[in-house]
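Values in this text are rule-based calculations from the coordinates and carry no lab data. These figures come from a predicted structure and were not determined experimentally. Neighbour counts run over all protein chains shown; Cβ positions are idealised from the backbone, glycine included.
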Amino acid sequence: MVNIFAIAFLHRGDTVLLARRCNVEFGSGLYHMVGGKVETGESARHAVMREVREETGLDIPEAAFSLIHTLHRKGTETEFIALYFSVDISKMDEPRIMEPHKHDAMQFFPIDQLPENIIPSHKQVIECLKSGINYSEHGWAS
C-alpha cells in the first residue's frame, strides 16, 4: 500500500518555514516542511490544513493551499506519494512550535540557504520548485 502525505510549503517571499524534528523515529535532528499523513476519509487539502494548525498554530483555510509539487518517494521500508501545497504566510501570525515533543526549532530559511541538516527529499522538492518542476521522484533506482 502506498501512503499519501500532505506537506506545506509555508513561505514569506523567498524564505520557507522549516521545523527541526526531535524525539521521532525518522529524521530526528533534521529540518523539514510541516505536514503529515493523509488519514482515511480525509482530503489532502484538509490534511495539510490540519497538520499546519497542529504543528504551527496557524489556522489557514483549506482554499488557501495550492498544489505545487508531487513527490513519489521510495524509502527502505515505505513508499509514499507526497503532495506539496504552497501558502504565502507573510500577513499571518508568527508560527510557533505547538508540538515541542516532536520539534525543537522552527524558523524561516532563505530558499537559497537551506540548512545542511534537512530531510533530503524536502531539499530536493525545494530545488525543484526553484526550477519550476512540479513532479519528482526520490529513492528509486535510475
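Structure summary
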{"read-out": "Cβ-placed point charges (K, R +1; D, E -1), dipole of region 3-138 about Cα centre in debye, nearest 20", "value": "120 debye"}
{"read-out": "For region 2-50 and region 79-136, distance of Cα centres in Å", "value": "8 Å"}
{"read-out": "Set of aspartates and glutamates near LYS74 by C-alpha distance (under 20 Å), chain-local residues within fewer than 8 positions excluded", "value": "GLU25, GLU39, GLU127, GLU137"}
{"read-out": "Dipole of the chain, positive end: most advanced residue of THR76, ALA8, ALA141 [Cβ charges, Cα centre]", "value": "ALA141"}
{"read-out": "Global geometry of the chain, whether rounded, prolate or oblate, following the gyration tensor of its Cα atoms and the 1.5 cut on a/c", "value": "rounded"}
{"read-out": "Extension gain (nm, one decimal) between SER66 and GLU116, 0.36 nm per residue minus Cα-Cα", "value": "15.3 nm"}
{"read-out": "Computed E for MET1/GLU54 - FRET, C-beta separation, R0 30 angstrom, nearest 0.05", "value": "0.80"}
{"read-out": "³J(HN,Hα), Karplus 6.51/-1.76/1.60, whole Hz, each residue of region 127-141, x for Gly, Pro", "value": "4, 4, 4, 4, 9, x, 8, 10, 9, 8, 10, 9, x, 8, 5"}
{"read-out": "Region 3-138 - share of DSSP beta bridges that are antiparallel (%, nearest 5)", "value": "60 percent"}
{"read-out": "R0 of 22 Å, Cβ-Cβ distance GLU42-GLU94: FRET efficiency to nearest 0.05", "value": "0.25"}
{"read-out": "Under-5 Å amide H pairs with LEU58, H placed in peptide plane, nonlocal only", "value": "ARG96"}
{"read-out": "HN-Hα J in Hz across region 108-125 - Karplus 6.51, -1.76, 1.60, θ = phi - 60°, x for Gly and Pro", "value": "8, 10, x, 5, 9, 9, 6, x, 5, 8, 10, 4, x, 5, 6, 4, 4, 4"}
